Amino acid sequence: MIIYQLSKNNILNLKSCILDWCKVSQNNFKGWVLKKNIWGAYESEIYNIRYYQPIVDLYWELLNSELFD
């Protein structure tokens, strides 16, 4: 579900990045954007995360793995 659509070439504030997503903000908008759609965010970059985030990442990787297909 799309709740907000940014046009290309916007400057966003990068709040944090996990696996494939980055939390961003711009003016009154706050949300998550696919990392591959952000110029300057590296694929393997993990940025400003909480101490328990690696556990959450493992959980999501497990759910998306072939183990549950």
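Numbers at a glance
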read-out	value
Among the candidates LEU62, LEU14, LEU58, LEU19, residue that is among the aliphatic types (A, V, I, L, M) and in contact with a strand residue (DSSP E or B) (Cβ under 8 Å, 6 or more places away or on another chain)	LEU14
Selected residue (only one of LYS8, LYS23 is free of Cβ contacts under 8 Å to residues at least 12 places away in the same chain and in contact with a Gly (Cβ under 9 Å, 6 or more places away or on another chain))	LYS23
Every residue from segment 1-38 that is surrounded by 13 or more Cβ atoms within 10 Å (Cβ to Cβ), in contact with an Asp or Glu (Cβ under 7 Å, 6 or more places away or on another chain) and hydrophobic (A, V, I, L, M, F, W, C)	CYS17, ILE18, LEU19
Any hit, segment 13-36, residues being over 24 Å from TRP60 (Cα atoms), aliphatic (A, V, I, L, M) and at pLDDT below 85	no
Out of LYS35, LYS30, sole residue that is within 23 Å of GLN5 (Cα to Cα), over 11 Å from the mean Cα position of the chain (by Cα) and among the basic types (Lys, Arg)	LYS30
Search result, residues across segment 39-54 that are surrounded by 12 or more Cβ atoms within 10 Å (Cβ to Cβ), outside any helix (DSSP H, G or I) and either modelled with pLDDT of 85 or more or not β-branched (Val, Ile, Thr) (or both)	ALA41, GLU45, TYR47, ASN48
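The values are calculated or read from the model by the stated rules, or taken from the named source; none is laboratory data. Since the structure is predicted, the reported quantities are computational estimates derived from the model, not experimental observations. Note that each Cβ is placed from the backbone with ideal geometry, even for glycine, and that neighbours are counted across all protein chains shown.
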